[in-house]
1. Name the residues in region 39-52 that are modelled with pLDDT of 90 or more and surrounded by fewer than 19 Cβ atoms within 10 Å (Cβ to Cβ), would you?
2. Return the total of residues in region 120-164 being among the aliphatic types (A, V, I, L, M) and in a loop (DSSP other than H, G, I, E, B).
3. Taking region 72-117 on its own, how many of its residues are under 21 Å from LEU268 (Cβ atoms) and buried (at least 19 other Cβ atoms within 10 Å of the Cβ)?
4. Output the residues belonging to region 284-336 that are outside any loop (DSSP other than H, G, I, E, B), of a type in the set (Phe, Trp, Tyr) and in contact with a Ser or Thr (Cβ under 7 Å, 6 or more places away or on another chain).
5. Have a look at GLU180, GLU171, GLU146 and point out the one that is in contact (Cβ under 8 Å) with a residue 40 or more places away in the chain, in contact with a strand residue (DSSP E or B) (Cβ under 7 Å, 6 or more places away or on another chain) and surrounded by fewer than 20 Cβ atoms within 10 Å (Cβ to Cβ).
6. So, in region 182-237, exactly how many residues are within 23 Å of the chain's Cα centre (by Cα), of a type in the set (S, T, N, Q) and modelled with pLDDT under 85?
7. Does any residue of region 90-102 turn out to be more than 27 Å from SER325 (Cβ to Cβ) and not in a strand (DSSP E or B)?
8. Consider LEU306 carefully, then state whether it is closer than 15 Å to THR208 by Cα and either buried (at least 17 other Cβ atoms within 10 Å of the Cβ) or at pLDDT 95 or above (or both).
Amino acid sequence: MNKDTTFSAAHAGARRVEGFGFPISRLTDPVSIRPGVRVVVRYRVTEDAGTVTDAIGVLRSVNPLQVDDRIIPDGNVVVLKTLSAKPVRNSDIRALETAKAAAFPGIDNQMIGGWLARAGDGITERSNSAVPIGPSAGLQEVPLAELQEFYRSHDLPCQLMIPDRIGRPAEHLPGERGPEIVVMSKDLGGQPESQLTPPLADAQVALTVDDSPTADWFSMYEFRGQPLPKKALDLLSQRIDGQLGFARLTIDGQLAAITRATITDGWLGYSAVAVAPEYRRQGLGTLLCQHILDWGKDNGADRAYLDVIDSNTAGKALYHKLGFSEHHRSRSLRTR
């Protein structure tokens, strides 16, 4: 417990969120506040006192608020902030973004001043954007003219992916910004994830992971609610520098859910999770994710990541339940 008398500074960044009896940090996602996560709580020693102190530890309960063995009255709390399970360094962000880039290559890929420029189908952001994975990219000016020329040669707009910290030189650039992306990660280890009881009693649940997508896999896949044209689908199944798998979860022989899984640089990534309409709201998305985490461990991955749009509260809550936590954030920029 660290004593601190700078009460006014403690107020900075606090906000009220429905469902919580205490203020939380503006840097904390409300869905991440759950028992088992590490937190720091700044609170008044007594309700009327000006002296504040910090409690750092594992959140045991939200109501009442308990950190380790300390119960803190809601009225005394100045701000609560969640902490990463372990510190995230710039090199950690760069390593994860490098693994992501390997999982979603373009047709043409070039390093330009520390930025990996990818040109692909012209549709999905991941295969048609530049990402700062070179160590020098975060320390120098963005080579904007060269990147714009690269995309102009492919008749594509110049789009940058700007991760926290390592993409800082690009944050001030003018252009059209995309939604905030939360990059979540999880260490793989321990017991199999899919030991949990399947949500459908007496159903025959099976997972198949193919090297190439099948026709029914393609038929279920959509990008942000829209079917993809053939060129984009072909790029999605293009070989990568790593392992690629197309997962199909069947219930009594019927296709119920799909996802695309990759293993690059020891990282398991999965995307394109889709559940057939007749099987939604039955826990199959969770079950599919559990099976894919097991598949990743069985094939040599020791960590997993995924991207989720910040506004997708339900998705973030699901991934937190699966043991994922926020690693860093990223956003796209279509330059002018």
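1. Within region 39-52, VAL40 is the sole residue that qualifies.
2. Here the count works out to 4.
3. Total meeting the criteria: 12.
4. Listed by number, the list holds a single entry, TYR305.
5. After applying the criteria, what remains is GLU180.
6. Residues flagged as within 23 Å of the chain's Cα centre (by Cα), of a type in the set (S, T, N, Q) and modelled with pLDDT under 85 within region 182-237 amount to 4.
7. no
8. So LEU306 fails the test.
The values are calculated or read from the model by the stated rules, or taken from the named source; none is laboratory data. Treat the numbers as computed from the prediction; the structure is a model and nothing was measured. Methodologically, a virtual Cβ is constructed for each residue, glycine included, from the backbone with ideal geometry; neighbour enumeration extends over all protein chains shown.
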